[in-house]
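Below you'll find the structure, written out as structure tokens, and then a few comments.
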Amino acid sequence: MSHTGPISDLNFGPDGRKLFTSSFDGTVRVWDVPTGLCVDWMSFSSPPTSLALSPTGEFLATSHVGRLGISLWCDKSFFRMVLLDGTPNEPAKMNEPCPVAECEQEGANDAISHAMPSILAKKDDASFGDP
């Protein structure tokens with residue numbers, strides 16, 4: 001089991017036991033270096049172009065084709081027990097969050113559109129220099 005597209009980036013975990021690879025096939029895989037087995041497999045709607053790990057290995061940062069910004073992912077094994085029964089048969093589908101700037105912009109547009117009728121009503125009531 002390996003990537004089906006070119007590798008876009010790779011990074012070792014802090015202990016050197018895990019290798020993280022991203023690929024233009026739209027996936028990130030985590031490999032156990034001593035055994036050579038894939039221990040985790042994630043898929044994205046937009047292929048990852050690069051990845052980086054925090055010094056503790058708790059966070060994974062990814063960038064993606066056609067997207068501005070960086071997505072941060074948290075390793076669930078830092079918070080609960082994770083049992084590895086073997087290699088994954090299919091990738092975990094990752095929900096890519098809306099970039100904060102886009103979310104804030106959408107929220108601002110919604111607020112303006114809701115406030116606009118009252119602003120326009122006040123404008124119609126006011127006289128602007130008409131004698």
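The values are calculated or read from the model by the stated rules, or taken from the named source; none is laboratory data. Note that this is a predicted model, so its numbers are computed, not measured. Neighbour counts run over all protein chains shown; Cβ positions are idealised from the backbone, glycine included. SASA here: full protein model, heavy atoms, side chains in, ligands and nucleic acids out. Shrake-Rupley method; radii C 1.70, N 1.55, O 1.52, S 1.80 Å.
When residue 27 is tested against (1) in contact (Cβ under 8 Å) with a residue 60 or more places away in the chain; (2) over 13 Å from residue 91 (Cβ atoms), exactly one condition is not met: (2).
For the range 21-41, give me the residue count where each residue is open to solvent by 20 Å² or more (accessible area, probe 1.4 Å) and either within 20 Å of residue 76 (Cβ to Cβ) or of a type in the set (S, T, N, Q) (or both).
First, pick out the residues of the range 21-41 that are open to solvent by 20 Å² or more (accessible area, probe 1.4 Å): 24-25, 31, 33-37, 39-41.
Applying the additional criterion that residues be either within 20 Å of residue 76 (Cβ to Cβ) or of a type in the set (S, T, N, Q) (or both) yields 31, 35, 37, 39-41.
The number of residues fulfilling the criteria is 6.
Highlighted here are the strands (runs of 3 or more DSSP E) found entirely within the range 33-72 that include at least 3 residues which are at pLDDT 90 or above and of a type outside the set (Gly, Ala, Ser): 48-53, 59-64. Selection within the range 48-63: residues that are open to solvent by 30 Å² or more (accessible area, probe 1.4 Å) and touching a Ser or Thr at 6+ places or on another chain (Cβ under 7 Å). The member of this set that is farthest from residue 74 (Cα to Cα) is 49.
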